[in-house]
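Colleague: Encoded as structure tokens, here's the structure I'll be asking about.
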Amino acid sequence: GENVEQHPSTLSVQEGDSAVIKCTYSDSASNYFPWYKQELGKRPQLIIDIRSNVGEKKDQRIAVTLNKTAKHFSLHITETQPEDSAVYFCAERDVWGRLYFGRGTQLTVWP
Amino acid sequence: NAGVMQNPRHLVRRRGQEARLRCSPMKGHSHVYWYRQLPEEGLKFMVYLQKENIIDESGMPKERFSAEFPKEGPSILRIQQVVRGDSAAYFCASSRLTGNDEKLFFGSGTQLSVL
């Protein structure tokens, strides 16, 4: 449950472009994968999550995909805006309920 | 419905002093988690508690760190004899944990600075 790898560590995009962040995990028993957004000096906020019985979930400009076979999941942000700039963390939940986080992706959206 | 409440927001301690960080979970939540975040790093799991029980403290350093979640009152993360390496943001999170509803909500964190 502790091996969550997240890429890239930094990502810069032009306003209006799409941004994709990818994570891989190793615990095949993990069944819940949330994404958090953290602005500088603030708390991590849950933006979207997906469970292992679902392959894709979308909420307006944000979508998450999950490939359980390959043990990876991705965050997709379309039509990016400057206010999307933040650090994004992926996480996996193990069977004991603990969340393990990736190291984060600093997303910068240039106007 | 107030969210997860943490205090203090900022705590300054000198080496060797004790730090006590408090966390009140969201209303209706009985599960509390503590995480530590170093600058430009992710959130590291420390401990998972339910009321009056430590469920998992595998992420806690073996010495100087302790946590509790009493029947009444907030959860407390206690760091004794602080050292400079303890400087970090400490986040508390809570969940309802019923069935598959395990969304975790975070407090605003306590920034601990050890001089």
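Colleague: So B:SER94 ticks every box in (1) in contact with a Cys (Cβ under 9 Å, 6 or more places away or on another chain); (2) over 24 Å from A:ASN3 (Cα atoms); (3) modelled with pLDDT under 95 but one. Which box is left unticked?
Modeller: Only one criterion in (1) in contact with a Cys (Cβ under 9 Å, 6 or more places away or on another chain); (2) over 24 Å from A:ASN3 (Cα atoms); (3) modelled with pLDDT under 95 is unmet by B:SER94, namely (2).
Colleague: Run A:GLU79 past the list (1) in contact (Cβ under 8 Å) with a residue 12 or more places away in the chain; (2) touching a strand residue (DSSP E or B) at 6+ places or on another chain (Cβ under 7 Å) and report the number of the one that doesn't hold.
Modeller: It fails just one condition, (2).
Colleague: Same structure again: Check the range B:91-100 and report whether any residue there is charged (D, E, K, R), open to solvent by less than 60 Å² (accessible area, probe 1.4 Å) and either outside any strand (DSSP E or B) or within 14 Å of chain A (Cβ to nearest Cβ) (or both). I'd like the intermediate steps shown before the answer.
Modeller: Kept after step one, since they are charged (D, E, K, R), are these residues of the range B:91-100: B:96.
Narrowing the set further to residues that are open to solvent by less than 60 Å² (accessible area, probe 1.4 Å) leaves none.
No, the range B:91-100 has no match at all.
Colleague: With the structure loaded, tell me whether B:VAL47 is in contact (Cβ under 8 Å) with a residue 40 or more places away in the chain, in a strand (DSSP E or B) and open to solvent by less than 40 Å² (accessible area, probe 1.4 Å) or whether it fails that test. Before you say what the answer is, go through the steps one by one.
Modeller: Values: in contact (Cβ under 8 Å) with a residue 40 or more places away in the chain: no; in a strand (DSSP E or B): yes; open to solvent by less than 40 Å² (accessible area, probe 1.4 Å): yes.
No, not satisfied.
Colleague: Go through the range A:31-56 and give me each residue that's among the small types (Gly, Ala, Ser) and within 24 Å of B:GLY107 (Cα to Cα).
Modeller: Going residue by residue through the range A:31-56, those that are among the small types (Gly, Ala, Ser) are A:41, A:52, A:55.
Scanning the range A:31-56 gives a single hit, A:GLY41.
Colleague: Can I ask one more? Do any strands (runs of 3 or more DSSP E) entirely within the range A:59-111 hold 2 or more residues that are closer than 30 Å to B:LEU49 by Cβ and within 11 Å of another protein chain (Cβ to nearest Cβ), and if so, which? Working first, answer last.
Modeller: Details: elements: A:62-67, A:72-77, A:86-93, A:99-101, A:105-110.
Passing ranges, in order: A:86-93, A:99-101.
Colleague: With B:VAL114, B:VAL83 as the choices, which residue is exposed (fewer than 13 other Cβ atoms within 10 Å of the Cβ) and at pLDDT 95 or above? So that I can check it myself, show each step before the final result.
Modeller: Numbers: B:VAL114 fails: exposed (fewer than 13 other Cβ atoms within 10 Å of the Cβ).
On inspection, the qualifying residue turns out to be B:VAL83.
Colleague: Yes or no: B:PRO25 open to solvent by 20 Å² or more (accessible area, probe 1.4 Å), within 30 Å of A:TRP35 (Cβ to Cβ) and within 14 Å of chain A (Cβ to nearest Cβ)? If you could, list the steps in order and put the result at the bottom.
Modeller: Details: open to solvent by 20 Å² or more (accessible area, probe 1.4 Å): yes; within 30 Å of A:TRP35 (Cβ to Cβ): yes; within 14 Å of chain A (Cβ to nearest Cβ): yes.
When the stated conditions are applied, B:PRO25 passes them.
Results for (1) surrounded by fewer than 17 Cβ atoms within 10 Å (Cβ to Cβ); (2) within 25 Å of B:TYR48 (Cβ to Cβ), shown as yes or no for each residue.
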| position | (1), (2) |
| --- | --- |
| A:THR24 | no, yes |
| A:ASP27 | yes, yes |
| A:TYR32 | no, yes |
| A:LYS37 | no, yes |
| A:GLU56 | yes, no |
| A:PHE73 | no, yes |
| A:GLU83 | yes, no |
| A:TYR88 | no, yes |
| A:ARG93 | no, yes |
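The values are calculated or read from the model by the stated rules, or taken from the named source; none is laboratory data. Model, not experiment: these values are computed from the prediction. We place every Cβ from the backbone using ideal geometry, glycine too, and count neighbours over all the protein chains shown. Note: areas computed on protein heavy atoms with side chains; ligands, DNA, RNA excluded. Shrake-Rupley method; radii C 1.70, N 1.55, O 1.52, S 1.80 Å.
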